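One structure below.
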Amino acid sequence: MSKILIVAEHLDGKLNPATAKCITCAKQIGGEIAVLVLADAVDAIAAEAARLDGVSKVLTVARAENAHPLAAVYAPQVAAAAAGYSHVLAPSTTFGKDLLPRVAALLGVAQVSDIMAVDGAYTFKRPIYAGNAIVSVEAPQDRVLLGTVRVASYAAAGSAAAAAPVEALALDVALPSHTRFVELKQGKSDRPDLQSAARVVSGGRALGSAENFALIYKLADKLGAAVGASRAAVDAGYVPSDLQVGQTGKIIAPELYIAVGISGAIQHLTGIKDAGTIVAINKDAEAPIFEVADIGLVGDLFTLVPELERALG
Amino acid sequence: MKILVGYKRVVDYNVRITVKPDGSGVATEGVKLSANPFDDIALEEALRLREKGVATEVVVVGIGPADLQAHLRNGLAMGANRAIHVVAPDAVQPLTAARVFLKLVEKEQPQLVIVGKQAIDDDCNQTGQMLAALWNRPQATFASKVEVADGKARVTREVDAGLETLEVDLPAVITTDLRLNEPRFIKLPDIMKAKSKPIETVEFASLGVEPGDHLRITRYAPPPKRQKGVMVKDVAELVAALKAKGLL
């Protein structure tokens, strides 16, 4: 039976929902699931992790050096904690992508990036070429398997009836001081997080200006949706880069995705492949976005978007 | 100081790749190959650091078959001082690539290694981090701003939560994100100049690297297709369609 260690992602004392998605992936691998919490103050995060369905225990390492998720600081601890485990997983977010390869190299093993399906304990599917091909990958069974989990492919684990036990883990690991956290400038927090939102409204270059993007924000606020953008809109300077959806931006899977004035370049479509329902509003009936849209509406966004916002009451 | 740049050749990002019908791979015959876009950004950043007087030498590194030389010439034409070609029959996996880089780092003693955050073919996003681990040095991944001074680098990183800034002691590994810079275009005179720049050839086997290609790809498949949807004629129909799907 597999023994799976999941590295918890957290910020400001709260567990990131991506962790609960890793647990769903781990359940498909099957076996005992432990969550590892590295932080300066672990209690609130550990309590949250302990209540997730499928978790058999939570391991914590509380150290001042763990206040910020520095890969160089976390990696030797994860590598030490991995002893006795068959699998180590982390979400394929910027946190997991930064950290897990460093752990893999310390352990001298390969890593399976962006696991999107579990075919067996050591066989997985993952996307390559920005999702334009899917490969089946087989990893050796005689080594610990390291994998990042593509969060768009998994629903979050629910809550358990009883909380799993929480244990402090004593690790005798020297930590480097060559990497220092300076600051984190967070995007606006009054709207849902783009990566995990159930609804997203995105705008493209057809918006024409940063001022006109107010239309997108107003519609998003009416729907309780996060705001996204195409690369063209980001490159034109209408919105900051952390709103970019697509191959080189965020890959998301909301229940509802509304693309406004987005033509649908391959690089954008790659980021929304797993969305539940895609709505496209565009004045060009030939735009490629209509090839993937579940519901399409051809027309001028500057009349249709305010009209839609009013229709939502 | 010296900067080593990872410079991988991949299928051009404008090519719509197709999976071979028998599932044995991706069709790459006759397909346009280019520098990995993130590696172009890595090279551009290294060149800018040299132009600012921070760095003195920029070395591009490629791992691959004999015909990789033309690709490395592009890196030289863009402005690198010299190139190292590690001759390997096939593409190597990230752990092997990181081990190769470590050997080159030990010999060349660079203060910075800059590589793309990921290659747009295998999308692994691992090599830079793995090298930093093996080298036991700092990593600053997904960089959107780099400032180097006094033996340290201050790097702004594009993370999911926003923009994170780290300070790292040199030597260090930096991986590039899309918005770090816009790579320059190669001009004709630079192509001429590049012809006289040196490319050092190193046989993979001579490096004494333990292969780390542990993963085996058993099958390639095209992604599942989305069903074509419906067109609505106005906002009222759109709202009705969303309500019918239980989304409003």
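Only the coordinates and a few stated rules stand behind these numbers; no lab work does. Here the structure is a predicted model, which is why all the values come from computation and not from measurement. Quick reminder, even Gly has a Cβ in these numbers, built from the backbone with ideal geometry, and neighbours come from all protein chains shown.
Observations on the model:
- Segment A:VAL173-A:ALA62, extension gain: residue separation times 0.36 nm, minus the distance between their alpha carbons: 38.7 nm
- Projected label distance in nm at A:THR303 and B:ALA149, using a 7 Å step from Cα toward the beta-carbon: 5.6
- Sequence-distant residues sharing a close amide H with A:ILE6 (under 5 Å, placed H): A:ALA34, A:VAL35, A:LEU36, A:LEU89
- Helix axis angle, A:301-311 relative to chain A longest principal axis, alpha carbon, degrees: 70
- Only helices enter this figure: runs of n ≥ 4 DSSP H residues, each worth -39500 (n - 2.57), summed and divided by the residues of chain A, yield -7000 deg cm²/dmol at 222 nm to the nearest 500.
- Potential lengthening of the chain between B:ALA240 and B:ASN136 amounts to 31.6 nm, from the contour at 0.36 nm per residue minus the alpha-carbon distance.
- Here A:LYS283 is the anchor, and the lysines within straight C-alpha reach of less than 16 Å, apart from those fewer than 8 places off in the same chain, are B:LYS233.
- Estimated FRET transfer efficiency when R0 is 30 angstrom, pair A:TYR217-B:ASN14 (beta carbons, to 0.05): 0.40
- Proximal lysines to B:LYS187, defined as alpha-carbon separation beneath 19 angstrom and excluding residues fewer than eight positions away on the same chain: B:LYS195, B:LYS197
- Estimated Rh, segment A:199-311: Kirkwood, alpha-carbon pairs, angstrom: 13.3
- Computed from point charges on the beta carbon alone (+1 for Lys and Arg, -1 for Asp and Glu), the dipole magnitude for chain B about its Cα centre is near 580 Debye.
- Along the axis of the charge dipole computed for segment A:3-168 (Cβ charges of +1 for Lys and Arg, -1 for Asp and Glu, origin at the Cα centre), the listed residues A:VAL151, A:VAL118, A:ALA133 are led at the positive end by A:ALA133.
- Magnitude of the charge dipole, segment A:194-270, Cβ model with Lys/Arg +1 and Asp/Glu -1, debye to 20: 100
- The charge dipole of the protein assembly as shown, taken about its Cα centre with unit charges on the Cβ atoms of Lys, Arg (+1), Asp and Glu (-1) only, comes to about 580 debye.
- Phi-derived couplings, Karplus 6.51 cos²θ - 1.76 cosθ + 1.60 at θ = phi - 60°, listed residue by residue for segment A:54-71: x, 7, 9, 7, 10, 9, 10, 10, 9, 9, 4, 5, 8, 4, 10, x, 7, 4 Hz, with x used for Gly and Pro.
- Summarising the label geometry, the points placed 7 Å from Cα in the beta-carbon direction at B:ARG219 and B:LEU207 lie 3.3 nm from one another.
- Net charge of Cβ neighbours under 13 Å - reference B:GLN111; Lys, Arg +1; Asp, Glu -1: 0
- Local charge for A:SER263 was computed over the other residues whose Cβ lies under 9 Å away, with Lys and Arg +1 and Asp and Glu -1, and equals 0.
- Calculated P(r) tail over 20 Å for segment B:71-148, as whole % of Cα pairs: 38
- Environment charge at A:ILE272 (Cβ cut-off 15 Å; Lys +1, Arg +1, Asp -1, Glu -1): +3
- Principal-axis analysis of the Cα atoms of chain A puts helix A:214-223 at an angle of about 60° to the longest axis.
- Volume in Å³ per residue [convex hull over Cα atoms, computed for the protein assembly as shown]: 157
- Restricted to Cα atoms, chain A shows a radius of gyration and a Dmax of 20.9, 63 angstrom.
- J(HN,Hα) series, segment B:158-167, from Karplus relation 6.51 cos²θ - 1.76 cosθ + 1.60, nearest Hz, glycine and proline x: 8, 10, 4, 7, x, 10, 10, 10, 10, 10
- Using θ = phi - 60° and Karplus 6.51 cos²θ - 1.76 cosθ + 1.60, couplings along segment A:107-117 (whole Hz; Gly, Pro as x): 8, x, 10, 7, 10, 8, 8, 6, 4, 10, 7
- Violating pairs (Cα-Cα greater than 28 angstrom) within the set A:LYS125/B:LYS225; A:LYS3/B:LYS225; A:LYS27/B:LYS103; B:LYS32/B:LYS145: A:LYS3/B:LYS225; A:LYS27/B:LYS103; B:LYS32/B:LYS145
- Ordering B:ILE17, B:GLY53, B:THR218 by Cα displacement along the dipole of segment B:2-223 toward the positive end leaves B:GLY53 in first place; charges were set at the Cβ atoms of Lys, Arg (+1) and Asp, Glu (-1).
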